[in-house]
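Report on one structure; see the data block that follows.
The values are calculated or read from the model by the stated rules, or taken from the named source; none is laboratory data. Source: prediction; values computed, not measured. Here Cβ is always computed from backbone atoms with ideal geometry, including for glycine, and neighbour counts include all displayed protein chains. Just so you know, the surface numbers come from the protein's heavy atoms only, side chains and all, with ligands and any DNA or RNA stripped out. Shrake-Rupley method; radii C 1.70, N 1.55, O 1.52, S 1.80 Å.
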Amino acid sequence: MKRFIFITSFLLFSISFIKAQWVEYFQNESIKIEYLKQECSDLKNGTSNIYVFLKISNKTSETIDVYYNIFCIYQNGNKTYKTKGDNVKHTLRLPKGQSIEGNCDAKQKNLKVYAGSMKRKGSTLKEFEVTNIEVKSAK
C-alpha cells in the first residue's frame with residue numbers, strides 16, 4: 001500500500017512539472033511563429049491570469065525586423081467583442097538564427113495576449129490572430 005501511494009504521489013508530482021509545448025502558428029522562409037497558453041500567478045498582487053505567449057524565430061542568416069498586428073475576440077457571458085488589432089503595429093528586431101518568446105516575467109507586451117483570469121469572472125479569449133505579418137531586412 002505504501003508503495004502504491006509513493007508511486008501515485010510521484011506520478012502526480014511529475015505531471016505537474018510537464019512543460020507545455022509550443023504550437024506552430026505560422027511559418028514562411030524567414031520566420032516561424034509559435035504560441036503557448038500558460039497560467040501566470042502574481043503572488044504579490046494576488047492575481048492569477050492566463051496568457052497566450054508568442055515565440056518568433058528568425059530562420060534567416062541576417063538580422064530582420066518583424067512587423068505584425070494581433071487581433072483578438074473575447075467572450076464575456078453572452079457578449080462577444082473584438083479588439084482593434086489593426087490599430088497597433090508591433091515591431092521586433094531579431095538577429096540571425098535567434099528567437100524571442102513571451103513569458104510570465106517578460107515586459108514585452110507584444111509577445112503576450114491576455115486570455116482570462118483564474119480567480120475572477122470576466123472576459124476570456126475566444127480566438128486570436130496574428131495579422132499583417134511583414135519581414136524586412138534590418139538596416
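How many residues are open to solvent by 60 Å² or more (accessible area, probe 1.4 Å) and within 23 Å of GLN27 (Cβ to Cβ) when one looks only at region 41-65? Please lay out each step first, then the result.
Here is the first cut: in region 41-65, the ones open to solvent by 60 Å² or more (accessible area, probe 1.4 Å) are 41, 43-45, 59, 61-62.
Remaining after also requiring within 23 Å of GLN27 (Cβ to Cβ): 59, 61-62.
Final tally of qualifying residues: 3.
Could you tell me whether GLN38 is assigned to a strand (DSSP E or B), open to solvent by less than 60 Å² (accessible area, probe 1.4 Å) and among the polar types (S, T, N, Q)? It would help to see each step written out before you state the result.
Details: assigned to a strand (DSSP E or B): yes; open to solvent by less than 60 Å² (accessible area, probe 1.4 Å): no; among the polar types (S, T, N, Q): yes.
For GLN38, the condition - assigned to a strand (DSSP E or B), open to solvent by less than 60 Å² (accessible area, probe 1.4 Å) and among the polar types (S, T, N, Q) - is not met.
Please state which of the following conditions LYS82 fails to meet, knowing it meets all the rest: (1) free of Cβ contacts under 8 Å to residues at least 12 places away in the same chain; (2) farther than 21 Å from SER117 by Cβ; (3) of a type in the set (D, E, K, R).
Result: LYS82 passes all but (2).
Restricting attention to region 66-96, report how many residues are touching an Asp or Glu at 6+ places or on another chain (Cβ under 8 Å), open to solvent by 50 Å² or more (accessible area, probe 1.4 Å), more than 20 Å from LYS126 (Cβ to Cβ) and not β-branched (Val, Ile, Thr).
The qualifying residues number 3.
Could you say which residue among LYS119, LYS59, LYS37 is of a type in the set (Lys, Arg) and over 21 Å from VAL23 (Cβ atoms)? It would help to see each step written out before you state the result.
On the way: LYS59 fails: over 21 Å from VAL23 (Cβ atoms); LYS37 fails: over 21 Å from VAL23 (Cβ atoms).
Testing whether each residue is of a type in the set (Lys, Arg) and over 21 Å from VAL23 (Cβ atoms) leaves just LYS119.
Go over the candidates LYS89, LYS109, LYS136, LYS126 one by one and state the one that is in contact (Cβ under 8 Å) with a residue 24 or more places away in the chain, over 25 Å from GLU29 (Cα atoms) and not hydroxyl-bearing (Ser, Thr, Tyr).
LYS126
Residues checked against (1) among the charged types (D, E, K, R); (2) modelled with pLDDT under 95:
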position: LYS59; (1), (2): yes, no
position: GLY77; (1), (2): no, yes
position: LYS82; (1), (2): yes, yes
position: HIS90; (1), (2): no, yes
position: LYS121; (1), (2): yes, yes
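Being over 15 Å from the mean Cα position of the chain (by Cα), surrounded by fewer than 12 Cβ atoms within 10 Å (Cβ to Cβ) and of a type outside the set (Val, Ile, Thr): is that true of ARG120 here? Explain how you work it out, then say what you get.
On the way: over 15 Å from the mean Cα position of the chain (by Cα): yes; surrounded by fewer than 12 Cβ atoms within 10 Å (Cβ to Cβ): yes; of a type outside the set (Val, Ile, Thr): yes.
Answer is yes for this residue.
Among the listed residues LYS44, LYS19, LYS107, which satisfies the condition of being in a loop (DSSP other than H, G, I, E, B), within 25 Å of THR131 (Cβ to Cβ), modelled with pLDDT under 85 and charged (D, E, K, R)? Quick ask: steps written out before the conclusion?
Working: LYS44 fails: within 25 Å of THR131 (Cβ to Cβ); LYS19 fails: within 25 Å of THR131 (Cβ to Cβ).
The unique qualifying residue is LYS107.
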